[in-house]
Amino acid sequence: MRLSTMLGASLIPARWRGFYSPQDPAQPGPYSKHVTPLLQSVTRRTCTHPIHSIVFCALIASTTYIGLLETGLFEPSTKFNNNNQVDFSALSQGSRTLNVGPETAWEWQSESVSSDAQAEHFSLITLAFADSYADAPSVVIPNDSSAELLPSSASRLSLSQDSTLAFSLPSDETPSFLASIKEISAQETAEDDDEQKRWIMRAARGSARRFSLREWVRNSWIAFTDLIRNAETLDIIIMALGYLSMHLTFASLFVSMRRMGSNAWLATSVLFSSAFALLFGLVVTMKLGVPVNVVLLSEGLPFLVVTVGFEKPIILTQAVLSAALNPPRRDNGDQAPLTIQNAVQTAVHERGWGIVRDYMVEITLLIAGAMSGIQGGLRQFCFLAAWVLFFDCILLFTFYTAVLTIKLEVNRIKRHVALRKALEEDGVSRTVAENVASSNDGLKPDAVNGETSIFGRKIRDSSIPRFKVLMVSGFIIINVLNFCTIPFRTGAANNSPSLSSSMDPFKVAGNALDHILAQAKIRNQPTAVTVLSPIKYELQYPSVHYSSDRPEWSLFDGPYANGIFSSMGGRVVEGVLKSFEDPVLSKWIIIALAMSLVLNGYLFNAARWSIKEPDNSESASRDGAIKAAPLPPLAEYDPKMNINASGPESVNGHAVNGAIQKRSKEECELLLAEKKTSELNDEELTELTLRGKIPGYALEKTLGDKTRAVKIRRSLISRTPATKHVTGALERSKLPYLSYDYDRVFGACCENVVGYMPLPLGVAGPIDIDGRSYYLPMATTEGVLVASTSRGAKAINAGGGAVTVLTGDGMTRGPCVGFETLARAAEAKVWLDSEAGEKTMKDAFNSTSRFARLQHLKAALAGTYLYIRFKTTTGDAMGMNMISKGVEQALSVMKESGFEDMAIISVSGNYCTDKKPAAINWIDGRGKSVVAEAIIPGDVVRSVLKSDVDALVELNISKNLIGSAMAGSIGGFNAHAANIVTAIFLATGQDPAQNVESSNCITVMKNLRGNLQISVSMPCIEVGTIGGGTVLEPQAAMLDLLGVRGAHPTSPGNNARQLARIVAAGVLAGELSLCAALAAGHLVKAHMSHNRSAAPSAAPSRVQSPNPTQGKPLPQGLAMTGMSSKR
């Protein structure tokens, strides 16, 4: 029983089982093992050649479209045969037969054939004259016809401007009567016209005539109004709900794709894919002999869209994006390379069979419906829908997958270019910016709310399944009611159900039917009346009406046409070429070509942007070789070593079997001049550097190998005669230099590099910040700091977590300008304070960057010196380089605005103020201004912090507030905010010197109904997530740990602001724990137990650092006391 239940559940389409969950992949089954490899093979080729796949599908679709045009499916059918005789069977389509007599109690009833053999059979014809404003022409009735003019029915729609005439006549006379009134003379014609306009039956239009788009729209509107005028009310309601639901399904598709980050591209691609599937399905259906017409399509299409829907592209899209966010792991635990092709392959592996299975179930149901014998057009509809689903499945894994691949690639390029440009604006060299952007190409979760950024927005659950269940259920209820009310309908409303809507004869000719009923009652004669659909007339010149509109010359005319296009490939080419002649499709082709040019141009520029400088590519390859085989420490040169000027042990001047080929100074200098430094060994390079032939600062540029340049520089510093008595140990010191990515350092972070300094890195936490948990990375050499911060985080979590508020965001730069007189300086200040001056400066400043935006200016005078404080946003960069460039531009424009006598003293006049304590930063803020708060329950204060609420409040007032005020502190009203700020700054690549102002903090504690309310206000947190030290991989990894690495994809500055909130929350935890330790008297005890008593002793063989006294012992009072003596 359980097995059958599981099997039945697996056959239910995904939208009925519940929507796709990326965390719940389908389990592979026996059929999946055979289908999935085939799907992966198809999608692999599609992802490898996406442009080719799209073009191929578009060519096949255009050929199919031309084939449908040639079948005349979309053209209005003519009701006249080749001999220009009326095709009565075509004109009578959609007609209704009504019977009345004594057996019906003289009430009209709808039956296909009258049951009374004595009944008279009449045809009721309604002629509709377009736009005649109730002024119908006179119709001359032929002498041999017994047609009778009857009262016509007025239209109930105010939008109708047609006039109508109603005629009744015996059914056998109807064809001849219609043939005689194919053309009707107009009442008013101009006598001087060579040709007179006539009322001509629209059904008699030339079969070869081509319609313009305007004429097609007009004809469609006329057909729509006729449908509303003549159809039954219930059918109108059902079709209106169908089309409304179809458009709501389209809207839900766009909303769902937008929630996954794509504004319109993917949703539009899904619609194109479905349209192509419809074209292919129509061709196959018609080729197999199943009749299909426009009425069937117009009435069945809404139900096909609503019942089948677009879940499968959404499922595939979410699976691809989920795979891109969580790349598969290899057997050794490492993650596979994150590529779009890998993501698609993983998604198809997990969800491909499930999607194909859903298609198969739906196609099987439709085939069963087509074979069930149901009437009214449903068989044709089911047959067509099955083929549409078949082709939709194929196009999903080809056309749509190709579009999805291009969309992901374009967005990757956009992120790459945006990050690279942002780094360059922040002063990072182009090479380093390119390397950092390349390493940040992957997708990552957003740290602000935990949702995932894909195309720049957030993935959320789709609303289509819920909407589809509601709509399909509504349609089932409506159709059930439609069937149930059949026995209770009166007269003409009682008809057999079908897919096609029926004409309401009482709307078409109600007055005429009343007249016929009255005459039948008088004569007591049973009567059967066939009410034909209204026959439309238009006032037109006959030559225009019957024209074929064929072009005078065609590429496909001539005696060789059949020979050229006789093969299958030739027909495809013929279809493509004919598409250029089609007035509608040709416009789409032009639009597609234009979009293709734009896309290819964008991809070409993106590829050009990603091309590195020629020297850097060679350097990168050499660096790769160096990293693969680390260089050994450079051996000291020993003059006594065996040196052969020439001999078998030397090859091209290099050492072989321990021997060294000694080149002369001239040979080395010649190789250096010829830029063949790679042929020189390390000793020769060191000698050249010591002689000044290679500047020490230019080793990286000269050698092209940055790791080797660092090694040579260490040797240079160790052997420099003036300093080797103190620096001689550097060459063999424990300072590491191997296995480091110096490409990110050179031109961005440091110069004259001799290695890198490892720092212990710990994590504190987790700590809840604004509803999310974080581990805080802290690089420090101070024991207990991480443990203390973790204890504070534990107490904060027990109280519900920390809450942060961002009160300001603006980096500052304060240049100093000078004037000859005080009057001119004051005039400049007044201009800067004016609206016009501020606007001029703002426009000039904002023109230098996409991210830097000037917020406001603050000017101050000191004699003839004018200090201008620019406060600006800088996106996710800390922004000092970015803002300096904007300041220079703004000052240049200011000089051109009437202050030519202004002298720019310094672009930074210490009015910023940067890396110095200043009251202006404490008051106005600089960088990010954040306030963090937490409420700690009293029992947590006692159990976790081992203290008391009142004791903590008193300690904070006496120490952090009064004590700091007594010392005249500026922004130092805290216990040790700088500890946490500096540790996080070092771990995340921030500027450590900006700890000066970033540590400005005031800690406030209050007793809130027995609980401890603690807050920290930090007005000057200066952080960034791009540029500076964040380009280094270890520091960037810590930003990844916090979820704020790089630039925010949609809201520039959000990552940096979130990092500032995290810093403030970390300071809150540190303040809480340290104050509790001070209140309880645990501080010294904790330090002693954690890192003093168990401190590792120095190795006895450690080499002592030389000192300026050349080995003389220090005075006893200056020597550091050991722990044993201290005890």
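The values are calculated or read from the model by the stated rules, or taken from the named source; none is laboratory data. Predicted, not measured: the structure shown is a model, and the values here were computed from it. Note that we place each Cβ from the backbone using ideal geometry, even for glycine, and neighbour counts take in every protein chain shown.
Table for the structure above
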quantity: Elements of type helices (runs of 4 or more DSSP H) in region 973-1053, at least 3 residues being touching a strand residue (DSSP E or B) at 6+ places or on another chain (Cβ under 8 Å); calculated: 977-988, 1033-1042
quantity: Where a residue in region 338-349 is under 11 Å from Leu321 (Cα atoms) and in the same structural domain as Thr48 (by TED's automatic domain parsing) and its partner, wherever it lies, is at pLDDT 85 or above and not in a helix (DSSP H, G or I), with Cβ under 6 Å and at least six apart; calculated: none
quantity: Condition met for Leu304 (more than 21 Å from Leu321 (Cβ to Cβ), of a type in the set (A, V, I, L, M, F, W, C) and buried (at least 17 other Cβ atoms within 10 Å of the Cβ)); calculated: yes
quantity: Residue count, region 725-751 (criterion: among the basic types (Lys, Arg) and over 36 Å from the mean Cα position of the chain (by Cα)); calculated: 2
quantity: Flag if Ala1065 is modelled with pLDDT under 95 and either surrounded by 14 or more Cβ atoms within 10 Å (Cβ to Cβ) or within 26 Å of Ala802 (Cα to Cα) (or both); calculated: no
quantity: Odd one out for Lys79 among (1) modelled with pLDDT of 75 or more; (2) among the basic types (Lys, Arg); (3) closer than 22 Å to Leu178 by Cα; calculated: (1)
quantity: Unmet criterion (only one of (1) out of contact with any Ser or Thr (no Cβ under 8 Å at 6 or more places or on another chain); (2) outside any helix (DSSP H, G or I); (3) charged (D, E, K, R)) for Asp914; calculated: (1)
quantity: The listed residue being of a type in the set (D, E, K, R) and touching a Leu at 6+ places or on another chain (Cβ under 7 Å), out of Lys928, Lys916, Lys885; calculated: Lys928
quantity: Matching residues, region 425-434, being surrounded by 18 or more Cβ atoms within 10 Å (Cβ to Cβ) and not small (Gly, Ala, Ser); calculated: Glu425, Asp426, Val428, Thr431, Val432, Glu434
quantity: Region 726-756 - residue that is assigned to a loop (DSSP other than H, G, I, E, B) and without any contact (Cβ under 8 Å) to a residue 40 or more places away in the chain and, of those, nearest to Ala433 (Cα to Cα); calculated: Cys750
quantity: Filter result for Ala26 (farther than 25 Å from Ala324 by Cβ, under 29 Å from the mean Cα position of the chain (by Cα) and modelled with pLDDT of 50 or more); calculated: no
quantity: Close pairs (6 angstrom Cβ cut-off, 6 or more residues apart or separate chains): among the small types (Gly, Ala, Ser) in region 933-960, surrounded by fewer than 16 Cβ atoms within 10 Å (Cβ to Cβ) anywhere; calculated: Gly938/Gly1010
quantity: Residue that is assigned to a helix (DSSP H, G or I), modelled with pLDDT of 65 or more, β-branched (Val, Ile, Thr) and more than 24 Å from Leu253 (Cβ to Cβ), where the choices are Val388, Val432; calculated: Val432
quantity: Long-range neighbours under 9 Å by Cβ, at least six apart or interchain, first residue without any contact (Cβ under 8 Å) to a residue 60 or more places away in the chain within region 165-185, second surrounded by fewer than 22 Cβ atoms within 10 Å (Cβ to Cβ) and part of a helix (DSSP H, G or I); calculated: Phe167/Phe177; Leu169/Phe177
quantity: Candidates Pro175, Pro137, Pro142, Pro170, filtered to the one that is surrounded by 12 or more Cβ atoms within 10 Å (Cβ to Cβ), at pLDDT 75 or above and in contact with a His (Cβ under 8 Å, 6 or more places away or on another chain); calculated: Pro170
quantity: Test set (1) among the polar types (S, T, N, Q); (2) surrounded by fewer than 24 Cβ atoms within 10 Å (Cβ to Cβ); (3) under 46 Å from the mean Cα position of the chain (by Cα); (4) part of a loop (DSSP other than H, G, I, E, B) - Ser969 fails condition number; calculated: (3)
